[in-house]
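The values are calculated or read from the model by the stated rules, or taken from the named source; none is laboratory data. Here the structure is a predicted model, which is why all the values come from computation and not from measurement. Backbone-built Cβ (ideal geometry, glycine too); neighbour counts: all protein chains shown.
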Amino acid sequence: MLNRILTLSLRNRLLVLLGAALLSVAGAYIARNMNVDVFPDLTAPMVTILTEAHGMESEEVEKLVTYPLETAMNGSPNVRRIRSSSAAGISIVWIEFDWGTDIYRARQIVSERIPTVRENLPAGVGTPTMAPISSIMGEVMLLGVHSDSLSPMKLRTLSDWTIRPRIKSIGGIANVIVVGGEYKQYQVLADPEKLKYYDVSLGKLLEKVRESNVNASGGLLNEHGNQYIIKGS
């Protein structure tokens with residue numbers, strides 16, 4: 001067979017040279033217009049669900065938050081694998097879909113399943129949210145904030161309202177998650193004896209506290225042809 005190929009090639013030298021020239025031109029054209037990715041994405045389409053659970057330890061997060069989310073995602077179309085990680089105060093669930101699944105279709109499937117489990121989560125647990133579209137091969141950087149003079153609550157407030165927005169403004173940052181510290185709260189400590197003295201029930205106290213946190217517009221004040229915006233303080 002090899003001898004026949006060599007014989008035909010020697011007898012048709014012009015055709016061989018012409019074919020080689022055409023292949024060279026075609027190869028050069030393809031190589032010039034071919035998309036080259038130095039670090040190709042080797043991961044299947046994936047959707048990440050993040051849920052904050054302030055004040056819960058990792059075991060409670062696993063039982064009360066992570067497991068219900070995993071159960072709700074089981075059986076979803078084109079889902080090939082579900083992984084999770086539970087830590088103190090935060091739950092992360094990764095839903096991996098079959099190769100070729102459109103990432104926006106995958107996110108739609110996950111968003112349709114989240115409401116089914118959101119109502120069954122314990123009180124105080126944040127709403128499960130999907131992380132931005134990013135590859136698992138992206139670099140994850142952990143930053144620690146500590147101070148000798150600021151309390152854990154002030155450090156958490158500083159991280160939430162100052163550090164996090166500035167980091168998210170940097171190009172290429174998919175998301176920033178703040179974990180740890182003490183979450184700032186405004187608490188009303190009811191004294192049973194004072195409630196009894198003033199004849200105020202606990203339900204009435206809760207109602208008044210709820211009403212005190214309602215934001216209402218003050219409207220406009222027209223005076224001497226000018227409009228002044230009224231706001232409460």
Q. Which of the following residues is exposed (fewer than 14 other Cβ atoms within 10 Å of the Cβ) and under 27 Å from MET56 (Cβ atoms): SER147, SER169?
A. SER147
**Q.** Number of the condition not met by MET153 [criteria: (1) under 27 Å from PRO45 (Cα atoms); (2) of a type in the set (A, V, I, L, M, F, W, C); (3) in a helix (DSSP H, G or I)]
**A.** (1)
Q.
Tell me yes or no: at least one residue of region 170-192 is assigned to a helix (DSSP H, G or I) and either touching a Lys or Arg at 6+ places or on another chain (Cβ under 6 Å) or not assigned by TED's automatic domain parsing to the domain that holds GLU57 (or both).
A. yes
(Q) Checking TYR183 against (1) in contact with a His (Cβ under 8 Å, 6 or more places away or on another chain); (2) more than 30 Å from LEU150 (Cα to Cα): exactly one of these is not met. Which one? (A) (2)
Q: Within region 72-117, work out how many residues are hydroxyl-bearing (Ser, Thr, Tyr) and touching a residue at least 60 places away in the same chain (Cβ under 8 Å).
A: 0
Q | Among (1) part of a loop (DSSP other than H, G, I, E, B); (2) surrounded by 10 or more Cβ atoms within 10 Å (Cβ to Cβ) - the single one TRP161 does not satisfy | A | (1)
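The rows are residues; the columns are (1) acidic (Asp, Glu); (2) modelled with pLDDT under 90.
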{"position": "ASP41", "(1), (2)": "yes, yes"}
{"position": "ILE92", "(1), (2)": "no, no"}
{"position": "ILE95", "(1), (2)": "no, no"}
{"position": "ASP102", "(1), (2)": "yes, no"}
